[in-house]
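Inspection log for the structure reproduced underneath, given as structure tokens.
The values are calculated or read from the model by the stated rules, or taken from the named source; none is laboratory data. Since the structure is predicted, the reported quantities are computational estimates derived from the model, not experimental observations. We place every Cβ from the backbone using ideal geometry, glycine too, and count neighbours over all the protein chains shown.
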Amino acid sequence: MIKNFKLKIKNCSKGFSLVELLVVIAIIAIISAFTLPNFMGARDKAKDSARISDMAAIKSALRLYYNDHQSYPVAIDTGMTGYMPSILNLGYTYSYTTTNNGDGFVIKLKLESAQGDEDINSQTKCGVGATDGYFAVCAN
């Protein structure tokens, strides 16, 4: 009985065949082909969410500036660093314009991926013309 068991172990192949390895590699490739685009989209949405959050912080800093000076600044520059020190080196670009002779402002930011209706609603709220993929923040 023990001899038969040892013979079976010796005849057993150790390792995987080439066909088995190719099947496993094909399965992994198919799974990654379906999941990778979802992860890439999630990264872009996370960046956009962080940028929208930054715009809300800039809006708060601009409101603090308005309370102190009774008008919004003509440009976001070094004069704003007292209200939000990291405002100058965010790592991305946005456009800032004042409206109503300094009593309002509009900030527009290009998003990497569309945020659904959030970007369109922000443009409507701020009275900005519909521009695909832009998020708007205003004094309203």
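Observations on the structure shown:
- Any pair with Cβ under 7 angstrom, 6 or more apart, that starts in the range 77-102 at a residue that is aliphatic (A, V, I, L, M) and surrounded by 12 or more Cβ atoms within 10 Å (Cβ to Cβ) and ends at one that is modelled with pLDDT of 75 or more and not in a helix (DSSP H, G or I): MET80/PRO73; ILE87/ILE76
- Test: residue in the range 114-128 that is free of Cβ contacts under 8 Å to residues at least 24 places away in the same chain and more than 30 Å from MET40 (Cβ to Cβ): yes
- Whether a residue is touching an Asp or Glu at 6+ places or on another chain (Cβ under 6 Å), surrounded by fewer than 17 Cβ atoms within 10 Å (Cβ to Cβ) and not in a helix (DSSP H, G or I) was assessed, and SER113 passes this test.
- Filter pass, ALA75 being assigned to a helix (DSSP H, G or I) and either aliphatic (A, V, I, L, M) or at pLDDT below 90 (or both): no
- If you check ARG63, ARG51 for being more than 17 Å from GLY133 (Cα to Cα) and of a type in the set (Lys, Arg), only one passes: ARG63.
- Filtered residues of the range 72-94 (kept if more than 17 Å from ALA50 (Cα to Cα) and small (Gly, Ala, Ser)): ALA75, GLY79, GLY82
- Residue tally, condition touching a residue at least 24 places away in the same chain (Cβ under 8 Å) and not in a helix (DSSP H, G or I), over the range 33-72: 2
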